[in-house]
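Chemist: Structure incoming, see below.
The values are calculated or read from the model by the stated rules, or taken from the named source; none is laboratory data. Please read these numbers as outputs of a predicted model, since none were measured by experiment. Cβ: placed from backbone, ideal geometry, glycine included. Neighbour counts: every protein chain shown. These area figures cover heavy atoms from the full protein model, side chains too; ligands, DNA and RNA do not enter into them. Shrake-Rupley method; radii C 1.70, N 1.55, O 1.52, S 1.80 Å.
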Amino acid sequence: MVSIFIFWILLSLIIYCYIGYPLLLFFLSFIKKLIQGKHLSPANIELPDVTIVIAAYNEKGFVDQKIQNILSLNYPQNKIKQIWVTDGSTDGTPELLASYPSITVLHFAERLGKAMAINHAMEHVETPITVFSDANTLLTPNALIELVKPFQNHNVGCVAGEKQILIQQNSAASSTGEGIYWKYESFIKKLESETGSTLSAAGELYAIRTALFKKIPADTILDDFEVSTQIALSGFTVKYADKAIASEYGSLNFDEEQKRKIRIASGGFQTLFTKTELLNPLIKPTLTFKYLSHKVLRWLVVPFAILLLPIINIIIVLSVDNKVYILTLLVSIIIYGMAFAGIVLKNFRISNHIFFLPYYFISTQISEYKGLLRYITNRHNHKWEKAKRET
C-alpha cells in the first residue's frame, strides 16, 4: 500500500533527523579520534587582542551587569576592547554606556536592525579576533580563553561558544524545554565540530577572524547564522568550544518562547531561499550534508511529517489488520494528548516540567509553519522586539 510506504518514509525522516543524524556524527567522531588520537592543546598560548561587539537595543537594564561581567573575565583586560552599538534605543542605553569612557559607543537615532548594527561596528574593529555577544548573557570566567584557543589552527575562521539556559527553582516550564533543547543542540554542534566543522554559531557568544568578515544584507534575520556560514563557505572551519559558556535566563513563558521560535523559523526560511549555495554539494559537500540533516529537515520536512504521520496512521489502521500500526497510533495519541494538556496547563507552575516536553516539541513544529507563512507573505521583520525572559 502507498500509505504504508509513505508512513515509513516519514517516520524514518523524523527518526533520522533527531536520532539517526546525531548517532552518525557520534560514530564518525569516534572513528576519527581512533585514527588520529586525542589532540592536546598547548598549556600556554599567546592570547590575541580581541574586540567584543555588542548590539544593544533598549538594554539599559543589562548594561552594568554585562560590562562588569566582561571586566571580571580571566583574560588580560589590556587585550579586550568593547564596541557597543545602539540603534534607536529610547531607554537611556547610550547615555549609560557613555559613562564608561573605555568603551566605544556607536549610537544611531534610527532603528537599523542588528545586521546593520554589526556592519557598522565592524568598520571600527582593529583587532585580529572579533567576539560577538548579547547584552543579556553572562560569560563564564574562562569563556574568552576557551573561545580563542581553536584559532591556533590557521584553518579555523570562526569559533562558536556554548549557550546555556539558567534554570531557577521556580522557572517556567518553557525554560526547562528551552534548556533541554540547547543541551541537545550543543551536543550536535560538538559532534559536527569534531567531524570537521559545525554549521553555524549562536549570537550569544561566538568569535571570528576579523579579516574574514563580509558585510551582511541589511534585512538579515539570523545574523549569527549568516556571519558564521559565510566563513564556512569561504573554506574555513567553524569550531565549537563547549567550555566557552554564555548563560541567559529562559523565556518568560511559552508564548514568549514561541514568538522567539517563529522569528528564528522565519529567518531559517530566509536562509533556505536566499543562501542557495549551502544546498550545492559541489561547493562544500560535507557542509551541505550537515545543513540538510541538521537544518533543512527540521525546517521543511519534519514539521509536515509530524502533522501527516498520525493521519496516515489512521488510514492504515482502518484498512489493514496489523497491531504494529495500532501501537504507533496509540503512541501518537499519547504524545498529542500530552501536548494538548500542555496547552491547557502551560501557564501553571508545575514542578514536573518533563510533562511539557511533548508540548514544547509540537509547538516548535507549529512555529515552523508560522515562520514559513510569515516569510512567504513577506511579513518577516529583521527589526524585532526581543522575547521577554525570566530574571
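Chemist: Residues of the stretch 287-301 being modelled with pLDDT under 95 and over 18 Å from the mean Cα position of the chain (by Cα), which ones?
Modeler: Residue satisfying the conditions is V301 alone.
Chemist: Still on this model: Run down L24, L106 and say which single residue is part of a strand (DSSP E or B) and open to solvent by less than 70 Å² (accessible area, probe 1.4 Å).
Modeler: Of L24, L106, the one residue that is part of a strand (DSSP E or B) and open to solvent by less than 70 Å² (accessible area, probe 1.4 Å) is L106.
Chemist: Right, here's the next one. Scan V317, V301 and give me the residue that is under 30 Å from Q270 (Cα atoms) and either small (G, A, S) or in contact with a Leu (Cβ under 9 Å, 6 or more places away or on another chain) (or both).
Modeler: Result of the check over V317, V301: V301.
Chemist: Does any residue in the stretch 87-101 that is buried (at least 21 other Cβ atoms within 10 Å of the Cβ) come within less than 8 Å, Cβ to Cβ, of a residue that is part of a helix (DSSP H, G or I) six or more places away or on a different chain, and which pairs are these?
Modeler: As it stands, the answer is D87/M116; D87/A117; S89/K60; T93/K60; T93/V63; L97/V63, since those pairs meet every condition given.
Chemist: Return yes when A207 is of a type in the set (G, A, S), over 17 Å from K275 (Cα atoms), modelled with pLDDT under 95 and surrounded by 18 or more Cβ atoms within 10 Å (Cβ to Cβ) and no when it is not.
Modeler: So A207 does not fit the description; no.
Chemist: Also, quick follow-up: Hey, can you tell me all the residues within the stretch 77-91 that are assigned to a strand (DSSP E or B) and of a type in the set (K, R)?
Modeler: Scanning the stretch 77-91 gives a single hit, K81.
Chemist: Would you please name the residue that is least open to solvent (accessible area, probe 1.4 Å), looking only at residues in the stretch 311-324 that are of a type in the set (A, V, I, L, M, F, W, C) and assigned to a helix (DSSP H, G or I)?
Modeler: I316
Chemist: Output the residue which, of all residues in the stretch 65-76 that are open to solvent by 70 Å² or more (accessible area, probe 1.4 Å) and part of a helix (DSSP H, G or I), is nearest to P94 (Cα to Cα).
Modeler: Here the answer is Q65.
Chemist: Being open to solvent by 70 Å² or more (accessible area, probe 1.4 Å) and out of contact with any helix residue (DSSP H, G or I) (no Cβ under 8 Å at 6 or more places or on another chain) is true for just one of L327, L308. Which residue is that?
Modeler: Sole residue among the options that is open to solvent by 70 Å² or more (accessible area, probe 1.4 Å) and out of contact with any helix residue (DSSP H, G or I) (no Cβ under 8 Å at 6 or more places or on another chain): L327.
Chemist: Also: Which residue pairs have Cβ atoms closer than 9 Å, lie 6 or more positions apart in sequence or on different chains, and pair a first residue in the stretch 7-36 that is of a type in the set (D, E, K, R) with a second residue that is assigned to a helix (DSSP H, G or I)?
Modeler: Within 9 Å, the pairs are K32/E194; K33/E194.
Chemist: With the requirement that a residue be part of a helix (DSSP H, G or I) and small (G, A, S), what does the stretch 109-153 give you?
Modeler: If the condition is that a residue be part of a helix (DSSP H, G or I) and small (G, A, S), then A115, A117, A121, A143 are the ones that fit.
Let's see how each residue does on (1) in a helix (DSSP H, G or I); (2) in contact with a strand residue (DSSP E or B) (Cβ under 9 Å, 6 or more places away or on another chain); (3) at positive phi:
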{"residue": "D242", "(1), (2), (3)": "no, yes, no"}
{"residue": "E248", "(1), (2), (3)": "no, yes, no"}
{"residue": "E257", "(1), (2), (3)": "yes, yes, no"}
{"residue": "I262", "(1), (2), (3)": "yes, no, no"}
{"residue": "L272", "(1), (2), (3)": "yes, no, no"}
{"residue": "T286", "(1), (2), (3)": "yes, no, no"}
{"residue": "Y291", "(1), (2), (3)": "yes, no, no"}
{"residue": "H294", "(1), (2), (3)": "yes, no, no"}
{"residue": "L297", "(1), (2), (3)": "yes, no, no"}
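Chemist: Failed condition for K243, given (1) touching a residue at least 60 places away in the same chain (Cβ under 8 Å); (2) surrounded by 15 or more Cβ atoms within 10 Å (Cβ to Cβ), with all others met?
Modeler: Checking K243 against (1) touching a residue at least 60 places away in the same chain (Cβ under 8 Å); (2) surrounded by 15 or more Cβ atoms within 10 Å (Cβ to Cβ), the one that fails is (2).
Chemist: While we're on this one: Among the numbered criteria (1) of a type in the set (D, E); (2) in contact with a helix residue (DSSP H, G or I) (Cβ under 8 Å, 6 or more places away or on another chain); (3) surrounded by fewer than 17 Cβ atoms within 10 Å (Cβ to Cβ), which one does E185 miss?
Modeler: Status for E185: all satisfied but (2).
Chemist: Is it fair to say N44 is modelled with pLDDT of 95 or more and within 28 Å of L139 (Cα to Cα)?
Modeler: Against the criterion (modelled with pLDDT of 95 or more and within 28 Å of L139 (Cα to Cα)), N44 does not qualify.
Chemist: Testing S266 on (1) open to solvent by 20 Å² or more (accessible area, probe 1.4 Å); (2) in contact (Cβ under 8 Å) with a residue 24 or more places away in the chain, one condition comes back false. Which one is that?
Modeler: Result: S266 fails condition (1) only.
Chemist: Restricting the search to the stretch 187-233, which residues are part of a loop (DSSP other than H, G, I, E, B) and closer than 21 Å to E126 by Cβ?
Modeler: F213, K214, K215, I216
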